[in-house]
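**Student:** Could you have a look at this structure, given as structure tokens, before my questions?
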Amino acid sequence: MKDTRTEARPIITLEAVEKYYGDYHALRGISAEIRQGEFFSLLGPSGCGKTTLLRTIAGFEDLSAGRLFIDGQDMAGVPANRRPTNMVFQSYAIFPHLSVAENVGFGLRRSGLSRAERAAKVEQALAMVGLAGFGGRAAHALSGGQRQRVALARALILEPKVLLLDEPLSALDKKMRDQMQVELRRLQRQVGITFILVTHDQEEALIMSDRIAVMFEGQIAQLDTPQMLYRRPVTRQVGEFIGVMNFLPARATVTDETHIEVDVSGLGRAVIGPDQLPGGWHPGQTQSVGIRPETMSILFPGETTDRRVATGTVEDLAYYGDMTYYEVRLDGGDRPMTISMKNLVGRPVLERGTEARVAWDARSLVLFA
Amino acid sequence: MSDGNRGPGFGRSEAAQGYLLVATPLAYALLLLAAPLGAILLFSFWSQDYLTIDTALTLKNYREALSDPLYRQLLLRSLLISAAVTTATVLAAFPIAYYVSFHVAPERKAMWIFLITIPFWTSYLIRVFLWKVILGYNGVFNTTLLGLGIIDEPLTFILYNANAVVITLAHAYAPFAILPIFVALEKIDRSLHEASQDLGEGYLSTFWRVTLPLAMPGVVAAVLIVFIPTIGDYVTPVLVGGPDGRMIANMIQTQFLRLNNAPMGAALAVLTMAMVTVVALVFVFLNRRYLRGRQ
């Protein structure tokens, strides 16, 4: 998919941002540009600094070093209440002593609008998040999903340049979460405001985002579109964190200017093009290559293919209904790898111990920086 | 057979156990609370006939208590003094509770609370006497001010009057006010303050719009805890109050012990309790209103 927002201007610019808590180095030289109108996610395991980065943008944390610009303005010394950002908190932070309408209209006190204008705006914001007519309710009488909508309406009513969302879906049950993912995406397109979402759920990030910054230990490991992150993770850690990936021991040698030969344990030799290499790659780096389960397939007895074929044995399998995940140990491989197959009509599920021929492509091999 | 099917036998023994458990506190409550209260109430409708008590029921004591300017003045003064004490205590306690809750590192909070309760290690009487030493004519306060040349002669309005009672009681009840306010502040979700700032409010307006309304249950509790005992206090007025600092409890004591007029004393006590009840109900009602929006 072509990224249509490449030309959009940056709304947030981070320049070598550092954050220390005492001796703890929470953010280590974060530089990134977040574009106007995109749905941007900060993805990483807990403790990777993604929430700290979000809070830094919101103004709840000072920078230890580096610079932060929002819409071209340096945010140094600008407190949270003067920043053109609004936040949806993980706990939603709904004021328990106020009604739904009072919560949503909380930030309008300084807007200079009349009482009637404010009421109309609140009602409009509530309608936008699907809570029309809920204004008079007490905040504590709301369900988790409703609280989240109130938090969204309360933040969006101020028309911020950037909306910050701190794991907003983590407190919801699975069904509600799936629904909110779609709704948040729709809402973001509708209002055209830049959304920055913090999440530890890679699936959620892939579904919702235009671009994702994957963070580990206070650094951005990779900043890319969901498809590029999935197909071309630049490090083994990123590949491991997003989706399922097999790692096979491998050795790479440069054959000529444009081709690299990779010898993969169990699969064999393959020639790949330079477009498959991450920036700054050199042959000595390659100890292993990655390959996604769905890029390989197990051939039927008698089935032919023009793809590369390796042989192995089915050691284990997990049947998911629509899919079956096989653990296949390749001949000459030291460790089984996962191959996922769609359960098509007429294709029987293989049993444990079956000899299997595995078809694969050199193009789906991932080399890491 | 499951536990739920043991039948009524088990239920009876459970009920019996319940009564047994409740019996001791019930006896305690009846003997030490209900019985004396009933006695006081009964006494207040009797009258003193020199050395004997006339047990014919009458409203004479109440009529006298409400018409005699001396009693009315004492009741009013008690109300004003305890209102002043409550106001002073809560106003002083709030910043302290706020500081400990918001600006003390979490691991040090317990120590701060512990330090706040240190005055309780000393008997109340001794603390009152210490205030005499501090506020007296040649006390610490006056000699310091004299020494600094701020005043030419010792201040006299600080001891043996209502001011001294207010100062002493406010100090004595400070921890009782600090603790409930502290607890209420601790319960406030900190992200609410961030949310308020995020929505454009500064430090002060966040306090007025979020912190204070959410701390109100603690403030109301503090008001009740300070107000109810201070209105009936009689030790402090005796020791530091002087003639102008006397409160209704002193009069009740006098009626019972010196004037040998227990029925009059009982009527004054009942009136005081009625006054406390009215004030307490007002605050309980206020608290309900603030609690309305809570889970």
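The values are calculated or read from the model by the stated rules, or taken from the named source; none is laboratory data. Being a predicted model, the structure only gives us computed values, none of them experimental. All Cβ positions, glycine included, derive from the backbone under ideal geometry; neighbour counts span all protein chains shown. Only protein heavy atoms, including side chains, enter the accessible area calculation; ligands, DNA and RNA are left aside. Shrake-Rupley method; radii C 1.70, N 1.55, O 1.52, S 1.80 Å.
**Student:** Test of understanding: among B:A184, B:A195, B:A162, B:A215, which residue is buried (at least 20 other Cβ atoms within 10 Å of the Cβ), within 14 Å of chain A (Cβ to nearest Cβ) and either over 24 Å from B:A88 (Cα atoms) or at pLDDT below 90 (or both)?
**Tutor:** B:A195
**Student:** Every residue in the range A:194-212 that is in contact with a helix residue (DSSP H, G or I) (Cβ under 7 Å, 6 or more places away or on another chain) and either part of a strand (DSSP E or B) or of a type in the set (S, T, N, Q) (or both), please.
**Tutor:** A:F195, A:I196, A:L197, A:V198, A:T199, A:Q202, A:S209, A:I212
**Student:** Moving on. Among A:A101, A:A155, A:A132, A:A116, which is part of a helix (DSSP H, G or I) and open to solvent by 50 Å² or more (accessible area, probe 1.4 Å)?
**Tutor:** Step by step, each of A:A101, A:A155, A:A132, A:A116 is checked, and only A:A116 is part of a helix (DSSP H, G or I) and open to solvent by 50 Å² or more (accessible area, probe 1.4 Å).
**Student:** Can you find a residue in the range A:169-181 that is in contact with a strand residue (DSSP E or B) (Cβ under 8 Å, 6 or more places away or on another chain) and either in a loop (DSSP other than H, G, I, E, B) or at pLDDT below 95 (or both)?
**Tutor:** The answer is yes, given that some residue of the range A:169-181 is in contact with a strand residue (DSSP E or B) (Cβ under 8 Å, 6 or more places away or on another chain) and either in a loop (DSSP other than H, G, I, E, B) or at pLDDT below 95 (or both).
**Student:** Continuing with this model, one more query. If a residue must be surrounded by 18 or more Cβ atoms within 10 Å (Cβ to Cβ) and more than 7 Å from every other protein chain (Cβ to nearest Cβ), how many such residues does the range B:198-212 contain?
**Tutor:** Our first condition is that a residue be surrounded by 18 or more Cβ atoms within 10 Å (Cβ to Cβ); within the range B:198-212, this holds for B:198-201, B:206, B:209-211.
Subsequent filtering for residues that are more than 7 Å from every other protein chain (Cβ to nearest Cβ) retains B:206, B:209, B:211.
Within the range B:198-212, residues that are surrounded by 18 or more Cβ atoms within 10 Å (Cβ to Cβ) and more than 7 Å from every other protein chain (Cβ to nearest Cβ) number 3.
**Student:** Here's a follow-up. Restricting attention to the range A:261-311, and to residues there that are open to solvent by 50 Å² or more (accessible area, probe 1.4 Å), within 30 Å of the chain's Cα centre (by Cα) and of a type in the set (S, T, N, Q), which single residue is nearest to A:R329 (Cα to Cα)?
**Tutor:** The extreme case among them is A:Q287.
**Student:** When the range A:239-260 is examined, which residues are found to be within 29 Å of A:L206 (Cα to Cα) and surrounded by fewer than 17 Cβ atoms within 10 Å (Cβ to Cβ)?
**Tutor:** Matches in the range A:239-260: A:E240, A:G243, A:V244, A:P249.
**Student:** Report the residue count in the range A:71-99 for those that are touching a Pro at 6+ places or on another chain (Cβ under 8 Å) and more than 14 Å from chain B (Cβ to nearest Cβ).
**Tutor:** Qualifying residue count for the region: 1.
**Student:** Small (G, A, S) and more than 26 Å from A:D224 (Cβ to Cβ): is that true of A:G290 in this structure?
**Tutor:** In short, no.
Yes/no matrix, rows are residues, columns are (1) of a type in the set (S, T, N, Q); (2) open to solvent by less than 50 Å² (accessible area, probe 1.4 Å); (3) under 19 Å from B:A164 (Cα atoms); (4) at pLDDT below 95:
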{"residue": "B:L51", "(1), (2), (3), (4)": "no, no, no, yes"}
{"residue": "B:A56", "(1), (2), (3), (4)": "no, no, no, yes"}
{"residue": "B:P69", "(1), (2), (3), (4)": "no, no, no, yes"}
{"residue": "B:Q73", "(1), (2), (3), (4)": "yes, no, yes, yes"}
{"residue": "B:S78", "(1), (2), (3), (4)": "yes, yes, yes, yes"}
{"residue": "B:T89", "(1), (2), (3), (4)": "yes, yes, yes, no"}
{"residue": "B:I96", "(1), (2), (3), (4)": "no, no, no, no"}
{"residue": "B:A110", "(1), (2), (3), (4)": "no, no, no, yes"}
{"residue": "B:I116", "(1), (2), (3), (4)": "no, yes, no, yes"}
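**Student:** Hey, among B:F157, B:F176, which residue is away from every other protein chain (no Cβ under 11 Å) and assigned to a helix (DSSP H, G or I)?
**Tutor:** Exactly one of B:F157, B:F176 is away from every other protein chain (no Cβ under 11 Å) and assigned to a helix (DSSP H, G or I), namely B:F176.
**Student:** Can B:A274 be described as away from every other protein chain (no Cβ under 14 Å) and either assigned to a helix (DSSP H, G or I) or within 30 Å of B:K132 (Cβ to Cβ) (or both)? Outline the logic, then answer.
**Tutor:** Working: away from every other protein chain (no Cβ under 14 Å): yes; either assigned to a helix (DSSP H, G or I) or within 30 Å of B:K132 (Cβ to Cβ) (or both): yes.
When the stated conditions are applied, B:A274 passes them.
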